[in-house]
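So the structure is just underneath, and the comments pick up after that.
What follows draws every value from the coordinates through simple rules; no lab data is involved. On a predicted model such as this, the values are computed, not experimentally measured, just so you know. Methodologically, a virtual Cβ is constructed for each residue, glycine included, from the backbone with ideal geometry; neighbour enumeration extends over all protein chains shown.
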Amino acid sequence: MEGSVAEPRSPSGRAFRAGCALFCALLLIGAARSAVADGEPPRPVGGRLDLRSWQPDADGPIRLDGAWSYAPGRLLPPDAGRQAFGGVETRVPSNWGSEVTPQGARSGHGFASYGLELALPENAGPLALRLSTIGTAYRLYADGELVAGAGRVGTSADGAEAAYQPAIVRLPDPSGRRLQLVFHVANFDFARGGLWESIWIGRPDPLLADREAVVGLAMFLGGAFLILGLYHLTVWGTRRRDRSPLWFAVLCLAMAVRGLAVDDVHLLDLAPWLGWEGLVRAEFLSMMVALASVTLFMGSLFPRELPRRLIVGATACSGVAIASIVVLPVDAFSRGLPAMQAMVLTATAVGPALIALAWRRGREGSLLFLVGLAAISLAAIHDVAISNLRSLPFLKRLGGPYYLQSLGFLVFALCQSAVLALRASRTVEALERTGAELRAMRDELEQRVAERTAELEEANHELQRLAQDDGLTRLANRRRFDERLVEAWHDHARRRAPLALVLADIDRFKDFNDGYGHPAGDAALRRVAQSSAACARSPLDLVARYGGEELVTLLPDTDVEGAVRFAERQRVAVISLEIPHRDNDPGILTLSLGVASCVPRVDVHPESLIERADAALYEAKRMGRNQVVAEPPTGEPRTR
């Protein structure tokens, strides 16, 4: 929605300064590239490239752009030298014109041979070529050896088959210091043909790293556009009255496809079932859909600046182009590429002018929209020039042979996301002002409820702890032990696993309380409880206060031998405390312990295990205290 009040000056000033800084940065990059233009690597001349001074490891990969030997309408032998081309030359990269057909018809159909003789430095080592798309089928020979190809090269439409297959091609070791490259290229399926992209030579690893970087960038941009598109499609689904998020989502999805369908055609890696024809249709469709969606998006945001007749006319032209791409063969609709590029260039001129008018009128978000649209326009102009005027020195120095459309649309998408976010924030701010008091009351009420809930939960936790823990020793109390015993008894009966119980009693504890006082007795009991709990090795072991000075330990999955070892650790641990007890025979506090273990049965009460351990404890007391006695299954006690 357009605004009726001018934007605040401070955000606009910041955006304007940022745009100026970006423009100055581009100028500095161009100046820097111009400054180093004299240091450019050698270029092919007359079908020959002298690379004897080139150091592949130090200088890195270079492009083979320049004058190649050329034989239109002929497929020369794979080992043909420069003499076989008869001195005919052509610029690479370039598109075929009328010279490719001996009949003189202006058509991109036909076949031809390209040749380039490389003079290499001594001990050149392993070299490779990086090939992008070639129009539209090719075979590559190095010193007469077939090293790469895509599609099927033929001298007629019936014998040729188009395909795109960018690749890193390893070259064979040259004979001597020279290497002869021969391309056989055929095209009968597209409006243009030939070696239309730059070819790089260098070490295999750097070339592969460069391609992986390009793939990573393409995947990143495609993923960014896809996320933006799906997000704004969801936004439109929640409020369909405003269609601007819909057109923006369509634009982002179209650019996600286009970014993967050009250059190294990564779309084929993700969807190989598309084939060459489907890939070309996706490339052209994404361009026209993007143009139509940009127009509709601009019209939905700035209806006063974009007349309805202009929007209808632009979308109608895009619709005709889209219909032709869907219905016509590739060779037919690809001939309309110049007209489609003219539509794009017209939009790059008219669009920024109209948005600049909206900015002068103070429309909300117009400045950000203008910055994004300027990025699209500059990228479109650059890419159209690269597609048709590759030999311009300015293009070689600023941007080189790389297409910038995805980066331009990414800047545009980010700017428009900010515009849509700004509009959404304005709506949210109005709603927030309307419901400010209600939210404050709700927040206060929620805070009170949360505080009371926290207090209740804390009190509940404390009650649960008090209900299950012994207040003096902090061990489990008798209630918790009884519950756990019943649970463990039934579980072990089901699994037929042994369950053990250790009953411990402090020797002559009544005499200790009488001689040292009850506070000292409580302190001693706490220390004994802590040392007993420390003897537990498994988190399932339960040490509890059974009553008075008695402690009980429940040992799941433990036989009598294991229980005896645990009880012995418990007895030794209490002795190591060295708590004085003058009324006890050793002169320190000691424990007597009874041990019992069995495989529980559902028809036997769990109390039977306690009774057996208590009988063993009684036997330990009778035999002189400070010892462990185990009650075997036979009922005959045994001592340790």
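Per-structure values
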| quantity | calculated |
| --- | --- |
| Hull volume in cubic angstrom per residue (convex hull over the Cα atoms of the range 525-611) | 104 Å³ |
| Whole-number D in µm²/s for the range 478-639 (Stokes-Einstein; Kirkwood sum over Cα pairs; 20 °C, 1.002 mPa s) | 136 µm²/s |
| Equivalent ellipsoid semi-axes, the range 135-284, via Cα gyration tensor eigenvalues times 5, rooted, Å | 39, 20, 10 |
| Footprinting exposure proxy for His232, His581, His518, His266 (fewest neighbouring C-beta atoms within 10 Å first) | His518, His266, His581, His232 |
| Relative pair counts by distance (%), Cα atoms of the range 48-202, 10 Å bins | 12, 43, 34, 10, 1 |
| Student exercise, the range 476-545 dipole from Lys, Arg, Asp, Glu Cβ charges, in Debye to nearest 20 | 300 debye |
| ³J(HN,Hα), Karplus 6.51/-1.76/1.60, whole Hz, each residue of the range 497-503, x for Gly, Pro | 10, x, 10, 10, 9, 10, 10 |
| For Ala148, residues with placed amide H under 5 Å, excluding near neighbours | Leu140 |
| Vicinal HN-Hα couplings computed from phi for the range 240-248 (Karplus, 6.51 cos²θ - 1.76 cosθ + 1.60; Hz; Gly/Pro x) | 7, 5, 8, 8, 4, x, 5, 5, 5 |
| Ordering of 109-115, 141-147 by packing [mean C-beta count within 10 Å, highest first] | 109-115, 141-147 |
| Amide H within-cut-off set for Leu404, under 5 Å, with H built and near neighbours excluded | Asp383 |
| Convex hull volume per residue in cubic angstrom - Cα atoms of the range 567-638 | 89 Å³ |
| About the Cα centre, charge dipole magnitude for the range 518-640 (Lys/Arg +1, Asp/Glu -1 at Cβ), debye | 360 debye |
| Value of relative contact order over the range 478-639, rounded to a whole percent, pairs C-alpha under 8 Å and six or more apart | 29 percent |
| Cα principal axis extents for the range 506-558, largest first, Å | 40, 15, 13 |
| Which of Trp96, Trp236, Trp68 has the fewest Cβ neighbours within 10 Å, and the rest in rising order | Trp236, Trp96, Trp68 |
| Proxy reagent accessibility, fewest Cβ within 10 Å first, across Thr348, Thr234 | Thr234, Thr348 |
| For the range 223-232, 3J(HN,Hα) per residue [Karplus equation, 6.51 cos²θ - 1.76 cosθ + 1.60, θ = phi - 60°, Hz, x = Gly/Pro] | x, 4, 5, 5, 5, 4, x, 5, 5, 6 |
